[in-house]
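The values are calculated or read from the model by the stated rules, or taken from the named source; none is laboratory data. This one's a predicted model, so the numbers in the text were calculated from it and none came from an experiment. Glycine gets a Cβ as well: all are built from the backbone with ideal geometry, and neighbour counts include every protein chain shown.
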Amino acid sequence: MGLSHDIARDLLRIKAVQISPDDYFTWTSGMKSPIYCDNRLTMSYPSVRDKIADAFVELIEKLEWKPDVIAGCATAGIPHAAWIAQKLNLPMVYVRSKPKGHGKENQIEGKLEADQRVLVIEDLISTGGSSIEAASVLKGEGGDILGVLAIFTYGLEKAKQQFADAQLKYQTITDYDEILKLLAEDGTISTVERQQLEEWRFSV
């Protein structure tokens, strides 16, 4: 079936992704959504996190240019970046959401050399804002940004537009469409509910 299918199945099984067509979740931004994704849960399942790391490596091996450094987005992208860097025997850095308020006031932790090719790792892409900001910080410190890889995306048009505006490539292991496909195959959601869930994405 492929890693996209397998990992989508795993995310549903461990309840990292939950669907509620009738009682919407409220995201941190205040947005109402029939889907909630918390990929932090994958850390607690060794077989799932290892499969995710392997899937990331598979995507990286298909890139035209290979990274010199793996960069994790704080906080949920950090552990996945670490596992990937370990598998590929590459240096790793991570990017804070804002500079540290003490010491050297770093926003990037770890060593980044000018002109190193950097691949940004995120757990989730919703609107894309945090990933794009992390890439901008890394670029500002001399990094050559290859793009962003993430476990999952909701497939929102806003994300697609923001990445296009930033001239930044992104790719994910699995996505909202794969989740809906599995739920429909399992009979967990009806045809009407699937249509409702598909329409939500384009109403945001």
Looking at the structure I just gave you, is Gly110 among the small types (Gly, Ala, Ser) and at pLDDT below 95? no
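Out of Ser126, Ser97, I need the residue that is modelled with pLDDT under 95, of a type in the set (Gly, Ala, Ser) and buried (at least 17 other Cβ atoms within 10 Å of the Cβ). Which one? Don't jump to the end; show me each part of the working.
Working: Ser97 fails: buried (at least 17 other Cβ atoms within 10 Å of the Cβ).
Residue meeting the stated conditions: Ser126.
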When residues of region 1-29 are filtered for being without any contact (Cβ under 8 Å) to a residue 40 or more places away in the chain and in a strand (DSSP E or B), how many remain? 3
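Being of a type in the set (Phe, Trp, Tyr), touching a helix residue (DSSP H, G or I) at 6+ places or on another chain (Cβ under 9 Å), assigned to a strand (DSSP E or B) and in contact (Cβ under 8 Å) with a residue 12 or more places away in the chain, is that true of even one residue in region 85-94?
Pass one, region 85-94, residues of a type in the set (Phe, Trp, Tyr): 94.
Among the residues that remain, those that are also touching a helix residue (DSSP H, G or I) at 6+ places or on another chain (Cβ under 9 Å) are: 94.
Now restrict to residues that are assigned to a strand (DSSP E or B): 94.
Imposing the further condition that a residue be in contact (Cβ under 8 Å) with a residue 12 or more places away in the chain reduces the set to 94.
Yes, region 85-94 contains a residue that is of a type in the set (Phe, Trp, Tyr), touching a helix residue (DSSP H, G or I) at 6+ places or on another chain (Cβ under 9 Å), assigned to a strand (DSSP E or B) and in contact (Cβ under 8 Å) with a residue 12 or more places away in the chain.
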Any idea which of Val57, Val17 is under 21 Å from Thr127 (Cα atoms) and hydrophobic (A, V, I, L, M, F, W, C)? Val17
Looking at region 30-52, can you tell me whether even one residue there is farther than 22 Å from Ile132 by Cβ, in contact (Cβ under 8 Å) with a residue 24 or more places away in the chain and assigned to a loop (DSSP other than H, G, I, E, B)? yes
Within region 1-34, restricting attention to residues that are β-branched (Val, Ile, Thr) and modelled with pLDDT of 95 or more, which residue is surrounded by the fewest Cβ atoms within 10 Å (Cβ to Cβ)? Ile14
For region 123-164, which residues satisfy the criterion of being assigned to a helix (DSSP H, G or I) and in contact (Cβ under 8 Å) with a residue 60 or more places away in the chain? Ala134, Leu138
Among the residues that make up region 181-189, is at least one of them farther than 30 Å from Gln116 by Cα, outside any helix (DSSP H, G or I) and touching a helix residue (DSSP H, G or I) at 6+ places or on another chain (Cβ under 9 Å)? yes
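Looking only at residues in region 53-65 that are part of a helix (DSSP H, G or I) and of a type in the set (A, V, I, L, M), which one is nearest to Leu180 (Cα to Cα)? Don't jump to the end; show me each part of the working.
Here is the first cut: in region 53-65, the ones part of a helix (DSSP H, G or I) are 53-61.
If we keep only those that are of a type in the set (A, V, I, L, M) as well, we get 53, 55, 57, 59-60.
Values: Ala53: 23, Ala55: 20, Val57: 25, Leu59: 23, Ile60: 26 Å.
Checked region 53-65; the qualifying residue nearest to Leu180 (Cα to Cα) is Ala55.
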Inside region 66-77, can you point out the residues that are touching a Pro at 6+ places or on another chain (Cβ under 8 Å) and either assigned to a helix (DSSP H, G or I) or under 17 Å from Ile173 (Cβ atoms) (or both)? Ile70, Gly72
